[in-house]
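K.L.:
I'd like to ask you about the structure that follows.
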Amino acid sequence: MKELQAHLDKQKKFFQTGKTKEIAYRIAQLKKLKQLLIDNEQLLIEEVHKDFQKSAFETYVTEIGLVITDINFTLKNIESWTKQQSVSTPIVNFPSKNFIITEPYGSALIIAPWNYPILLSLQPIVGAIAAGNTVILKPSELTPNTSSALEKLLSETFEPEFLKVLLGGVEESSVLVKMDFDYIFFTGSTRVGKIIMREAAERLTPLTLELGGKSPCIVDKTANLEISAKRIAWGKFVNAGQTCVAPDYLLVEESIKDKLLTHLKNSIHQLYGNEPKESPDFPRIINDAHFDRLAALMSDGETVIGGESDKEERYIAPTILNNISLEDKIMQDEIFGPILPILTYTSVEECIKIINARPRPLALYVFTSDQRLEDRILNTVSFGGGAVNDTIAQLGNHHLSFGGVGASGFGSYHGKSSFDAFSHQKSVMKKPFWPDVPIRYAPYDDLKLGLVKKVLK
């Protein structure tokens, strides 16, 4: 506890020097982070492979590359984001100047998950640095190789009073969330998110919670089924399904279910061959506990694609389950693995009813060529973010903020939203000493009231 507190105290002291508020300093730190990724690309790919058996392509595209492009986007825009923003002046405050100054919160705590250990550790850091905060990063203990590499590289690149990585498990995280940080950014499960929110509430610490949930994927009869299946399979099985915005279950119009299943089977074979276990492009489950949890879920319904598993290798095949009911165990919680249950619907209203009966999901996907159905879904169902006729690719657009709603979290980041998340907007009005309008001062009378009413109508 004392050691952890000492790290935070050093960062608070450094923040008070005002160094992190200098735009040139922030830019320099972002450039150092970018260079770290470029120089150590192969090392990081190797460490992620040790934890997941993930391909170099997937690691670069879904982790390293996304962080680099986020840094580039931030560097391009940081000077405009940090400028004092003038706003209009209402007549009641005339004459005056009104403006907003953006300032950092101070000392930020970032608790990262295991499923994308580079991306979900460093992408929030980009926003924290851009906004002018100091950072303590707590990466996941479930990816020991990647987390250790990040700790080594970041400690060699940044001064600890500015950015510090603290390794450890639940005990360390439990201590950190009880400390006096100025901002907390957490990515993980809804269960743990509730715990962190309670701790933050004790200190009135602002926070962002990026959680999860059961993200639906709707396919109607007007969709191009071949392309839909390919995009669904890719979004579901990338990282072996261990993606918070992966399609968690399919809602398929009943008349096209069999055709879609055929296309899904073909898509899985195109992606990973006839034996996905032998594919260098199909990752493994993170640990034995998650493997056991996922293996137990495959007893629901009818396995129509996949179903194979190997605990020694922590391998679970890309699996499609048919004849699933809403009461089945697999429909109760987020799956977070390469298992995709299929349910059918006969009307859009039935589809909407199924989704809205559950906690609001982090993501939603709809495959359709019917504009009316698209509009109906998007304007009736509440969700964090999503896509029409694609899956998870929306995360590659820095102009689209990413965040949950309800049980799937609150607050958002990506691009400017990351900068905003770690910033406080300080509103200021500046008035001259003259003129000093007497109407606002007592004593009041009917004449003053009448004038005020005319102005404010």
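Every number in this text was worked out from the coordinates using simple rules, so none of it is lab data. Just so it is clear, the model here is predicted, and its values are computed rather than measured. A quick note on method: Cβ atoms are made from the backbone with ideal geometry, for glycine too, and the neighbour counts reach across all protein chains shown.
K.L.:
What would the Debye formula give as log10 I(q)/I(0) at q = 0.13, 0.14, 0.16 Å⁻¹ for the alpha-carbon point model of region 216-400, no solvent?
P.N.:
-0.62, -0.72, -0.96
K.L.:
Using the alpha-carbon atoms, what tilt in degrees (0 to 90, nearest 10) does helix 144-157 show relative to the longest principal axis of the chain?
P.N.:
Taking the Cα atoms of the chain, the angle to 144-157 is about 30 degrees.
K.L.:
How many angstrom separate the Cα center of region 287-345 from the Cα center of region 94-124?
P.N.:
37 Å
K.L.:
Go through 27-39, 66-78, 237-249 and give me the packing order, highest mean Cβ count within 10 Å leading.
P.N.:
Working: 27-39: 16.0, 66-78: 17.9, 237-249: 25.8.
In decreasing order of mean packing, 27-39, 66-78, 237-249 become 237-249, 66-78, 27-39.
K.L.:
Further question: Exceeding 22 Å between C-alpha atoms, which entries from my cross-link table qualify? They are Lys214/Lys277; Lys230/Lys416; Lys32/Lys152; Lys54/Lys236.
P.N.:
Numbers: Lys214/Lys277 26 Å; Lys230/Lys416 31 Å; Lys32/Lys152 14 Å; Lys54/Lys236 15 Å.
Cα-Cα > 22 Å for Lys214/Lys277; Lys230/Lys416; rest within.
K.L.:
How do Ile355, Ile256 rank when sorted from fewest to most other Cβ atoms within 10 Å of their own Cβ? Mind showing how you got there, number by number?
P.N.:
Numbers: Ile355 21, Ile256 18.
With the sparsest Cβ surroundings first, the list reads Ile256, Ile355.
K.L.:
Please list, ordered by chain and number, the residues whose modelled amide H lies under 5 Å from the amide H of Gly386; skip anything fewer than 5 residues away on the same chain.
P.N.:
Residues meeting the amide H criterion: Leu364.
K.L.:
First check a/c for region 335-382, with a ≥ b ≥ c the square roots of the eigenvalues of its C-alpha gyration tensor; if it is under 1.5, answer rounded, and if not, answer prolate when a/b is larger than b/c or oblate otherwise. Intermediate values should be presented prior to the final figure.
P.N.:
Values: a/c = 1.63, a/b = 1.48, b/c = 1.10.
In terms of gyration-tensor shape, prolate.
K.L.:
Follow-up question, since we're still on this one. ³J(HN,Hα) across region 300-306 via Karplus (A = 6.51, B = -1.76, C = 1.60, θ = phi - 60°), whole Hz, x for Gly/Pro?
P.N.:
The phi angles translate into 7, x, 10, 6, 9, 9, x Hz.
K.L.:
Okay, moving on. Which length gain, in nm to one decimal place, applies between Asn287 and Leu451 when the Cα-Cα distance is subtracted from 0.36 nm times their residue separation?
P.N.:
Numbers: separation 164, 0.36 × 164 = 59.04 nm, distance 7.17 nm.
Result for the pair: 51.9 nm of gain on full extension.
K.L.:
To check you understand DSSP bridge types, tell me what percent of the beta bridges within the chain (both residues inside) are antiparallel, rounded to 5. Walk me through the numbers on the way to the answer.
P.N.:
Values: 19 of 53 bridges.
The answer is about 35 percent antiparallel.
K.L.:
Going by how many other Cβ atoms sit within 10 Å of their own, how do Lys54, Lys416, Lys259 line up, fewest first? All intermediate terms of the calculation are to be shown ahead of the outcome.
P.N.:
Details: Lys54 24, Lys416 20, Lys259 14.
Arranged by neighbour count, lowest to highest, Lys54, Lys416, Lys259 become Lys259, Lys416, Lys54.
K.L.:
Count the DSSP beta bridges whose two residues both fall in region 216-400, then state the antiparallel fraction as a percent rounded to the nearest 5.
P.N.:
Beta bridges within region 216-400, antiparallel portion: roughly 20 percent.
K.L.:
Continuing with this model, one more query. Compare the peptides 218-230, 289-301 by average per-residue count of other Cβ atoms within 10 angstrom and give them in order, highest first.
P.N.:
Details: 218-230: 19.5, 289-301: 16.3.
Averaged packing, sorted descending, gives the order 218-230, 289-301.
K.L.:
Where nothing but the Cβ of Lys and Arg (+1) and of Asp and Glu (-1) is charged, how large is the charge dipole of region 146-224 around its Cα centre, in debye to the nearest 20?
P.N.:
Details: 9 positive and 12 negative charges, 111 e Å.
Computed charge dipole of region 146-224: roughly 540 debye.
K.L.:
Cα gyration tensor of region 1-75, axes a ≥ b ≥ c as square roots of the eigenvalues: rounded (a/c below 1.5), prolate (a/b > b/c) or oblate? Please list the in-between numbers first.
P.N.:
Values: a/c = 3.53, a/b = 1.56, b/c = 2.26.
The shape class here is oblate.
K.L.:
I would also like to ask the following. Rg to Rh for the chain: what is it, with Cα atoms only and Rh by Kirkwood? Let's see the in-between values first.
P.N.:
Working: Rg = 25.2 Å, Rh = 24.1 Å.
Rounded to two decimals, Rg/Rh equals 1.05.
K.L.:
Which whole-number percent gives the relative contact order of region 216-400, counting Cα pairs below 8 Å spaced six or more residues apart? If you can, show how the numbers build up before the last one.
P.N.:
Working: 319 pairs, mean separation 52.9, N = 185.
29 percent.
K.L.:
Relative contact order of the chain, please, whole-number percent, based on alpha carbon pairs below 8 angstrom and at least 6 residues apart. Show your work: numbers first, answer last.
P.N.:
On the way: 862 pairs, mean separation 83.9, N = 457.
Worked out over the chain, it gives 18 percent.
K.L.:
List Ile352, Ile196 from most exposed to least, where exposure is judged by having the fewest other Cβ atoms within 10 Å. Mind showing how you got there, number by number?
P.N.:
Numbers: Ile352 17, Ile196 22.
Fewest-to-most ranking of Ile352, Ile196: Ile352, Ile196.
K.L.:
So what is the relative contact order for region 1-160, in percent, with contacts set as C-alpha pairs under 8 Å and at least six apart? Spell out each step's value before the answer.
P.N.:
Working: 183 pairs, mean separation 48.9, N = 160.
Across region 1-160, relative contact order equals 31 percent.
K.L.:
While we're here: Rank Trp234, Gly307, Leu326 by how far each Cα sits towards the positive end of the charge dipole of region 216-400 (+1 on Lys, Arg Cβ; -1 on Asp, Glu Cβ) and give me just the farthest.
P.N.:
Trp234
K.L.:
Among rounded, prolate and oblate, which fits region 247-299 when a ≥ b ≥ c are the square roots of the eigenvalues of its C-alpha gyration tensor, a/c under 1.5 means rounded, and a/b larger than b/c means prolate? Could the numbers behind the result be given before it?
P.N.:
On the way: a/c = 2.95, a/b = 1.36, b/c = 2.17.
It comes out oblate by the Cα gyration axes.
K.L.:
If packing is taken as the average number of other Cβ atoms within 10 Å across a peptide's residues, how do 114-127, 365-378, 93-106 rank, most packed first?
P.N.:
Averaged packing, sorted descending, gives the order 114-127, 365-378, 93-106.
K.L.:
Which net charge results when you count Lys and Arg as +1 and Asp and Glu as -1 among the other residues whose beta-carbon is under 12 Å from that of Arg358?
P.N.:
Numbers: positive: Lys214, Lys353, Arg360; negative: Asp248, Asp333, Glu334.
Residues near Arg358 contribute 0 overall.
K.L.:
Hey, any idea what the orientation-averaged projected area of the convex hull of region 177-245's Cα atoms comes to, in nm²?
P.N.:
That works out to 6.2 nm².
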